[in-house]
Structure formats: C-alpha cells, structure tokens
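Okay, so here's the structure we're looking at.
Only the coordinates and a few stated rules stand behind these numbers; no lab work does. Keep in mind that what you see is a predicted model, and the values were worked out from it rather than measured. Cβ: placed from backbone, ideal geometry, glycine included. Neighbour counts: every protein chain shown.
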Amino acid sequence: MRRFRTIRNVHERTIEAPAQTVGALLDRLSSPQDPLWPTPAWPPMLLDRPLGVGADGGHGFVRYRVTAYEPGRRARFDFNPPVSGHHEFVIEPQDEDRCLVRHTLELKRRGPMALRWALAVRWVHDTVVEELFDNAERAAAGTATNPVRWSPWVRLLHRRMWERAAATDIPTGARLARAAFDRTHYSDAWRMTMRPGMPRDPESWRGVLRGASFPVVGREGGEVLLGEDAGHLDFRASIFVDDRQVTLSTVVRIHNWHGRLYWAVVKRVHPFMARTMLRRVHRRLALTAPSAAERARSAPLPATPPGR
C-alpha cells in the first residue's frame, strides 16, 4: 500500500478582543459583508449557501465543503477529491478581553503536490492566512499590530497567478459602445471578474488606457466611453462595469485606404495590448482597495445575518 505524508501547517495569533467579538466575525465568513477574507487581493471565498455544514465552494482553484461548524468558535472545510485533507479555523478564549485564533491545514502529499506546496502554495497560503488574521485584528481591536508584508517571491507568484482577461461580446449594457457608429469595421471586448471590494465606478478604471490622451465622449450608468475621430478612422474605447465583471470594448470605423492600412497593422497588436492593460489595472485596483475589515466597518450590518 502506498503511504502518503501529511503536510501540517498551523497559524496562531492572539487578538486583544473577546472571543465572542472575533467569533461573530468568523460567522460572517464568505458572506457579502465578510470582514475577514483578504479579497480583492486574493480570490474570494465563495460558498453555495451561508456558512454551515454542507455548504460547498472554495476560493480560486481550491475547492472544499463545510464539514463542521460551531457558531462563533469553529469552522472546518474538507477538500474535495482528489485532494485529501482539510483546513479549519478555531477561536479559543484566553480571558475576558483576549482570544486566540488558530488556522490549521492538513493535506496529504501525493506526487507533484509536495513540490508545488514547497515552491508556491505554502508561500501564498501563509500570506492569505496572515492577512485574514490582520483583518480580524482590524475589525475586532481597531488595528493590526504587525501587518503581514509580502516577500518578493509572493509578489512574483501573485503577479503570475493573477487572472487573465477573456474574450467576450460587447456587453448589452454597454449601450454607448454599441451605438457609437452606424457602421463598424472592427470590434472586440475583453472582460475580467469583479471581486468584492473593487470599485464599481467606471471612472476608476480609466487607467486602463494609461498613456493615451483619448477624451471622454460619453458617460451613462456603469459605462464611460473614450475616443477620437481622425481623417482615416474613428476609434472608441468603452469601459463598462457591473457587479459581475469589468469589460473593455473597442469599436473602430474606417474611412479610407489610409485607415485600412493603419488598422491592418495596429489590429495585430491591439488585442494583446487591450487585455494586458485591463489585467494590469485590475490587479492594481485590487491591491489598493480597502481591506475587508475596513469595508465591513463602513457597511451597514444586518441585524441577523442570513442563514445564521
């Protein structure tokens, strides 16, 4: 019988706040007003129902289900096959105004998993857990006493792992782009997922076209339209934001052979440039967004969280 070694990774932090206060934060894990999970810098924890036994979901490519839940004290998540193991949060009171928060990961090593853990997964995992503890301190005690700092290796991994823009149709809601020209000779669109905490104002995303001096030619709802008319062609770039995604769309109208020749060259590099610029700004806005704890403090909290 083949034997597997177990990876065991434990993080602990003492928080100067009552266990009941920190436990209430744990109970909001994965909710729309989750004050703990460090998104949008990292993929959000998403479950198919409120936190409780049987809830299924994960974060990024990591998939799991809730197998144990004690409100205000403990939540355990077992990884979905073929991964074998679990991760768990536990809150233990130390005195009336202090508690210990512990996160434990146990994972069966098999095949190349041990190498991936050593080179990449462990570094990312450790950073995410420590940032979650920072948020617990901010939300329960008012400040994080020693916020985690990313190592150069984590920054490199984060950059390489960041979501890439995907080709899509011009959104139905991007009415300015759709109505920009009576005839269009070229169009494309690239989208990325909106994470919790990312700005929904399309003006915040105008940095996608950094370095270009295109004027704003229209605004409507969640869309801002930039563009310029020239003798050889007219160009419009639309940034459309809704609760699910941000989309960068381009429409071009060509007037003459000068425009056809010019665009024959530009269109070979345009898709690469468009998706690269969108991805760069998507990541920058995620990294500069307020923390989950800061957002939760500024948002109204329901008297009774759904499903609790």
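Give me the angle, in degrees from 0 to 90, between the Cα long axis of helix 270-288 and the longest principal axis of the Cα atoms of the chain, rounded to the nearest 10. Between helix and principal axis, roughly 40 degrees. Calculated FRET efficiency, residue 168 and residue 228, Cβ-Cβ r, R0 22 Å, to nearest 0.05? So the FRET efficiency works out to roughly 0.40.
Computed from label points 7 Å out along Cα-Cβ, the spacing between residue 8 and residue 186 is 6.0 nm. Compared with the dominant principal axis of the Cα atoms in the chain, helix 122-141 is inclined by about 80°. One equal scatterer on each Cα of region 166-286, no solvent, Debye formula: the resulting log10 I(q)/I(0) at q = 0.16, 0.18, 0.20 Å⁻¹ is -0.71, -0.90, -1.11. For region 44-125, the percent of C-alpha pairs falling in each 5 Å distance bin, counted from 0 to the bin holding the largest distance, reads 3, 13, 21, 23, 16, 13, 7, 2, 1, 0. Inverting the pair-averaged 1/r between distinct Cα atoms of region 6-161 gives 16.0 Å as its Kirkwood hydrodynamic radius. What the Cβ-Cβ distance of residue 220 and residue 62 gives, at R0 = 45 Å and to the nearest 0.05, is a FRET efficiency of 0.70. Among the GluC sites (Glu not before Pro) within region 70-159, those in coil by DSSP and having at most 13 neighbouring Cβ atoms inside 10 Å are 96. Other residues within the sphere of radius under 11 Å centred on the Cβ of residue 228, judged by their own Cβ, net out at -1 (K and R +1, D and E -1). Helix 152-161 and the longest principal axis of the C-alpha atoms of the chain enclose an angle of approximately 60°. In this Cβ point-charge picture (+1 for Lys and Arg, -1 for Asp and Glu), region 1-102 has a dipole of about 700 debye about its Cα centre.
The calculated FRET efficiency for residue 100 paired with residue 284, based on their beta-carbon distance and R0 = 51 Å, is about 0.90.
For region 6-161, what is the percent of antiparallel DSSP beta bridges, rounded to the nearest 5? That works out to approximately 100 percent antiparallel. Comparing mean-square fluctuations of 269, 224, 90 from a GNM of the chain with C-alpha springs under 10 Å, the top value falls on 269. Over the chain, the alpha carbon radius of gyration divided by the compact-protein estimate 2.2 N^0.38 Å works out to 1.20. Of the chymotrypsin sites (Phe, Trp or Tyr not before Pro) found in region 1-82, those that fall in a DSSP loop while having at most 11 other beta-carbon atoms within 10 Å are 61.
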